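Down below is the structure, laid out as structure tokens.
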Amino acid sequence: MSSWHNREEAAHDGGSYANVPTSPHTADPLTARNLQPNPAINQTYGARPSSYVPSPLNPNIPQPSGNRSRPVSWGGDKLTDVGSANSGGSGHSSSSSGEREKEKERDTIRGIISGAVGGSFGPYSVADLPNMPSLIDPETPDSVKTRMGHDGQEYELVFSDEFNTDGRSFYPGDDPFWEAVDLNYWATRDLEWYDPSQVTTKDGALVITMIAEQNHDLPYKSAMLQSWNKICFSGGYVEVAVQFPGGPGAMGYWPGAWTMGNLGRPGYGGSTDGIWPYSYDSCDVGTYPNQTRSLGDPPLASTSGKSKVNGALSYLAGQKLSACTCPGDDHPGPMVDGRFVGRGAPEIDIFEAEKDKNGPGGVTSQSAQFAPFSAEYLYDAQYTTIFDSSRTIPNDFQGSATQQSISSLTNINDNWFQNNNPEFAVYGVEFVPNKEHRDQAQITWVSGGVPSWQLRAPAAGPDPSVEIGQRLVSEEPMAIVLNLAISEGYQTVDPSTLTFPALLKFDYVRVYQRKGELNIGCDPEDRPTAQYIQDHLPAFINPNYTTWAQSGYQFPRNQLKDGGC
């Protein structure tokens, strides 16, 4: 990687770890985002005008026979049975045995398709499916339906998509579990327009195609596929098998597979403002804008950041849905012991890939992002493990004014690239939140089918020097994102090394959870999202909004910052 990796801020600068071997990789300069809404900045980042018209449908991709714009009410069946469902799937006919289990699965899918998890927002509608789909793809081999976790626990398959049916369409409403967006990812200064025509299934794989073609005044066209508000999981193991675009010497592609909390929708800045990448449940100055009560309070919050922003540690707008939120104010809940649980949209990346800056070939970054930030973005390395130092090293990017990041870089085999008669490589991430003993939570990453590194919760523990508490391994329902980007903010783009069309292929996506602890769905009872999204739809359906205020809403009161409740 270019020593940084995230999806809600385009540029970072590097640093070095304290008491951690330093990676030779360097990072790109920080372009800071102002805290306050700034129309000039919004336009700089490419916010589209209100006259925006989505790209036309691709006539070469099969389209459904139903009416694409058919309105569907939000208030259908809620996803109440997902947490106890025993099977799950991928746009295929259900194959569960026994009428009771079959009806349970039908109820689950009805909730996904017509309710809070897969419902319709304005012009978005659910698919007209001739057969009820299954959460577990019938073509998933029985031999992979259970696994032993890296935490020593037995896991079972709860969702899979093998992508074996050719010609699938992912325009809004065409698929029960995935949707391709139609926008420019301005937050990371991407050079591509994401268009649903650039993703389909072929020869048993999901194929995202990037082409060098002018589109919306941008030089490239590609695709981003999301399971946002359709399929989410709260803890577990997500695994993909991937072939990377181009060759090992390509400098410019930015392929990724990652997860993000459902309270933020990737690419919709209004929804992520004050949400990403918070995973925090303490009521303290860590919830404030800039992590400061005023300039210089606490001192290290104003001096231990990057020099490019005059030492400011954080440019975030503050945690919108914090544990400090006044009772009765705008918060999705839940309330525990008379106070709100702090909520956010944390990000955990399965992988992001780029050209190795220190030699030939490519590397993947596997990371978790956190807010608020510890001083100098440092973490406690004794609570991380690298399993094979000959192929994996700590990433020397630790954070910027928009995130704290803990990550490692792992070499990519040359035969995992498009131009080298590629094989599919297995990547995954297993994250295990622990709501009763949060310091015992952990995340383990898999690269090339074997564990690459592990992070345990105390690595992002309290930092008294900036007066913040424990950052959490995500307890949110996490959606999956698959995309192929290109950005000068990510790494230098050398067109002479790139091949077009560039293909990012996925053989499958599979999600597992601990046996007997199933919690799949985007609106779990203990971390609800559905009503909150329904109540703030503009922020989640209009990508032109880059802040919460532009979406028409105000942050709720913070009982510490705003003089009490």
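The values are calculated or read from the model by the stated rules, or taken from the named source; none is laboratory data. Being a predicted model, the structure only gives us computed values, none of them experimental. FYI the Cβ positions are ideal-geometry reconstructions off the backbone, even for glycines, and counts take in every protein chain you see. SASA here: full protein model, heavy atoms, side chains in, ligands and nucleic acids out. Shrake-Rupley method; radii C 1.70, N 1.55, O 1.52, S 1.80 Å.
Tabulated data for the structure shown
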| quantity | calculated |
| --- | --- |
| Protection proxy ranking of 295-305, 543-553 - average other beta-carbon atoms within 10 Å, highest first | 543-553, 295-305 |
| Residues of the range 467-565: accessible area per residue with a 1.4 Å probe, Å² | 36 Å² |
| Per residue, in Å², the accessible surface of the range 153-306 once ligands and nucleic acids are set aside, probe 1.4 Å | 22 Å² |
| Ellipsoid equivalent to the range 125-249 - semi-axes via the Cα gyration tensor, in Å | 29, 19, 15 |
| Above-threshold pairs, the threshold being 20 Å between Cα atoms, out of LYS221/LYS505; LYS308/LYS561; LYS308/LYS355 | LYS308/LYS561; LYS308/LYS355 |
| Whole-number D in µm² s⁻¹ for the range 188-232, Kirkwood Cα-pair radius fed into Stokes-Einstein, 25 °C, 0.890 mPa s | 211 µm²/s |
| Apportionment of accessible area to carbon and sulfur, the range 172-280, percent (1.4 Å) | 48 percent |
| Estimated FRET transfer efficiency (ASP203, ASP535; beta-carbon r; R0 60 Å; 0.05) | 0.90 |
| Accessible surface, 1.4 Å probe, highest first, among residues HIS536, HIS150 | HIS150, HIS536 |
| Sorted peptide list for 439-449, 366-376, criterion being average Cβ within 10 angstrom, highest first | 366-376, 439-449 |
| Packing-based ranking, highest mean first, of 163-169, 522-528 given that Cβ atoms within 10 Å are counted | 522-528, 163-169 |
| Under the Debye formula (equal points on every Cα, no solvent term), log10 I(q)/I(0) of the range 318-368 at q = 0.16, 0.33 Å⁻¹ | -0.59, -1.19 |
| Radius of gyration and Dmax over the Cα atoms of the range 187-302, both given in Å | 18.9, 58 |
| The range 134-185-the range 388-437 distance, computed between alpha-carbon centres (Å) | 21 Å |
| Portion, in percent, of the accessible area of the range 463-510 that falls on carbon or sulfur, probe 1.4 Å | 53 percent |
| Overall dimensions of the range 252-325 as given by Cα atoms, namely Rg and Dmax in Å | 14.4, 42 |
| Heavy-atom accessible surface of the range 376-459: percent carbon and sulfur, 1.4 Å | 41 percent |
| Share of Cα-Cα pairs in the range 452-535 lying beyond 21 Å, as whole percent | 64 percent |
| Paramagnetic label zone (point 7 Å from Cα along Cα-to-C-beta, ALA212; backbone N under 15 Å) in the range 495-514 | 495-503 |
